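Beneath this line is the structure, given in structure tokens, with notes to follow.
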Amino acid sequence: MAVKVCKFGGTSMADGNVMNAVKKIILSDESRKYVVVSAPGKRFSGDIKVTDLLYSCYDELKRTGSCDAAFAKVRTRFESIVKELNLPMDITSILNETQRRLVEEKSEDFAASRGEYLSARVMAVLLGATFIDCEDVVFFNEEGQLDGEKTYKAISKAVEGLDMAVFPGFYGKAANGRVKTFSRGGSDITGAIVARAVNASVYENWTDVSGFLACDPRIVDNPRHIKNLSYKELFELSYMGANVLHSDSIFPVRKANIPILIKNTFRPEDEGTSIIPISQYKPEGNIVTGIAGKKNFTVILIEKTHMNSEIGFVRKVLSVLERENIPVEHIPSGIDTMSVVFDSKYAKDYKLERVIDGIKNDVEPDIIRVMENVALIATVGHGMSSSIGTSARLFKAMAQANINAKLIDQGSSELSITVGVRNEDCEKCISAIYHEFFS
Ligand code: ASP
């Protein structure tokens, strides 16, 4: 029988009422056998997510050796959820044991992971399903990367013979035996891992929006809903700031061609967005699929006559960044110019100065300039490769909105065009490009 994995995000776990709606969704389709949950999110604007409360527990623990004050808030959240749902479980003992371990482990990752742990314990009782702790089935290697083979084997063994199972998202076990989390929003990755391990027919990701929109609705009113995205388009848009799904969620499912379906817990009847392999991709007739942007990048522009004939030039520049442990996002280049673009969070604490000195020293450029506060905007879509004049339209729209492109990068697959603009032009630029292609 085809099985589905469904992952429910923080707002779907926020209180007993929503958790009951989640239960109804799960039980309405008997192929929904494996459930992955996040920690309870915000119930109202201004509320605090349980994961953030747990990071405060760790801070308090570091400062004072105990976390009584911060953990009291976590305790209240879970006690009230269990009370609301009227569940036959001793949540107080589970919370006491959690707090004891928190003090014993004194680890930020361990503290942060407990929201998912507790949420999954509650959900398992609500569904009458088996709880599987990801500490026992999700493994990281020495480099801190997911150990896929070991993990998939452990999960498929753990679910053998089970009718229904609930997994906490966001964490697993590091090579040193301690609990380690993915980056924020990482329960999406756990959902994809479980889907791959059980060879699911689909990975349903239930959240609080009805899928992807062609751009951020805070920038353009009512942007077009995207019905289908390829894995590659999803990666580009999520990476560049479309906040629906963690960008790393595609890697486990892509290899096995498992589609991802984004659905809205609060409007389950809405169609959502399907993320599918390119072979199954149904173009919706648009040149552009979506536009996303991210602020705060640093660009180093390097000019040197005959750079193109100097063997190893780019490698030498990149080695300087490698020495400083800075990941590079883009390397737009001309005949005797090249730029390196990286997230400004890596340019702090004298690092930028060391990088500049290193480049001056190692490649002796004629000119080296730094631009900060740059936003990158990616215009993404498979339709762009087959239509002539897309970049002309994009740059005309920017010119009409009086926006200067500080850098331009078009991948050779023609899946996306990335432009760099001043941070303060970011929203205006997204809006101009959107209206050019969608109005
Ligand atoms: N609870 C974690 C976070 O807030 C992970 C997740 O929700 O996916 O980032």
Seminar exercise, completed: About its Cα centre, region 311-396 carries a charge dipole, from +1 on Lys and Arg Cβ atoms and -1 on Asp and Glu Cβ atoms, whose size in debye to the nearest 20 is 300 debye
Exercise. Among all stretches of the chain without exposed chymotrypsin sites (Phe, Trp or Tyr not before Pro) (DSSP loop, at most 13 other Cβ atoms within 10 Å), which one is longest?
Worked result: 45-349
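Treating only the Cβ of Lys, Arg, Asp and Glu as charged (+1, +1, -1, -1), what charge dipole size does the chain show about its Cα centre? Round to the nearest 20 debye.
I would put it at about 540 debye.
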Exercise. What does the charge add up to near MET371, with Lys and Arg as +1, Asp and Glu as -1, over the other residues with Cβ less than 12 Å from its Cβ?
Worked result: +2
Exercise. Among all the aspartates and glutamates, which ones have a C-alpha under 16 Å from LYS173's C-alpha, if same-chain residues fewer than 8 places away are not counted?
Worked result: GLU105, GLU108, ASP109, GLU116, ASP133, GLU135, ASP136, GLU142, GLU143, ASP147, GLU149
Seminar exercise, completed: HN-Hα couplings for region 320-330 via Karplus (6.51, -1.76, 1.60; θ = phi - 60°), in whole Hz with x for Gly/Pro, come out as 4, 5, 5, 4, 8, 6, 10, x, 9, 8, 9
Exercise. Carbon and sulfur together cover what percent of the accessible area of the chain at a 1.4 Å probe radius?
Worked result: 47 percent
Seminar exercise, completed: Longest principal axis of the chain (C-alpha) makes with the long axis of helix 426-438 (C-alpha) an angle, in degrees to the nearest 10, of 90 degrees
Exercise. Under 19 Å from the Cα of LYS62, which lysines turn up, not counting those fewer than eight places away in the same chain?
Worked result: LYS73, LYS106, LYS180
For this session: Once you have a ≥ b ≥ c as the square roots of the Cα gyration tensor eigenvalues for region 152-223, tell me rounded if a/c is under 1.5, and otherwise prolate or oblate according to whether a/b is larger than b/c.
Result: oblate
Exercise. Counting only heavy atoms of protein chains, what accessible area per residue, in Å², does region 130-184 have with a probe of 1.4 Å?
Worked result: 49 Å²
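What share of the DSSP beta bridges in the chain is antiparallel, in percent to the nearest 5? Each step should come with its number before you reach the end.
Values: 39 of 64 bridges.
Just about 60 percent of them are antiparallel.
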Exercise. Projected onto the charge dipole of region 157-216 (+1 at Lys/Arg Cβ, -1 at Asp/Glu Cβ, origin at the Cα centre), which of CYS215, ALA197, ALA175 gives the Cα projection farthest towards the positive end?
Worked result: ALA175
Exercise. Based on Cβ point charges of +1 for Lys and Arg and -1 for Asp and Glu, what charge dipole magnitude is obtained for region 59-115 about its Cα centre, in debye rounded to the nearest 20?
Worked result: 100 debye
For this session: Write down the accessible area per residue of region 238-375 in Å², having rolled a 1.4 Å probe over the full set of protein chains.
Result: 52 Å²
For this session: Post the alpha-carbon centroid distance, region 117-145 to region 189-228, in whole angstrom.
Result: 22 Å
For this session: Would you kindly enumerate the cysteines in the chain that have no other Cys beta-carbon under 4.7 Å from their beta-carbon?
Result: CYS6, CYS134, CYS215, CYS426, CYS429
Problem set entry | Charge-dipole axis of region 263-348 as Lys and Arg at +1 and Asp and Glu at -1 on Cβ define it, positive-most pick from THR305, LEU318, PRO332 | LEU318
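The values are calculated or read from the model by the stated rules, or taken from the named source; none is laboratory data. Everything numeric in this text was worked out from a predicted model, so none of it was measured. With ideal geometry, Cβ positions are generated from the backbone for all residues, glycine too; neighbour counts draw on all protein chains shown. Side chains included, ligands, DNA and RNA excluded: accessible areas come from the protein's heavy atoms. Shrake-Rupley method; radii C 1.70, N 1.55, O 1.52, S 1.80 Å.
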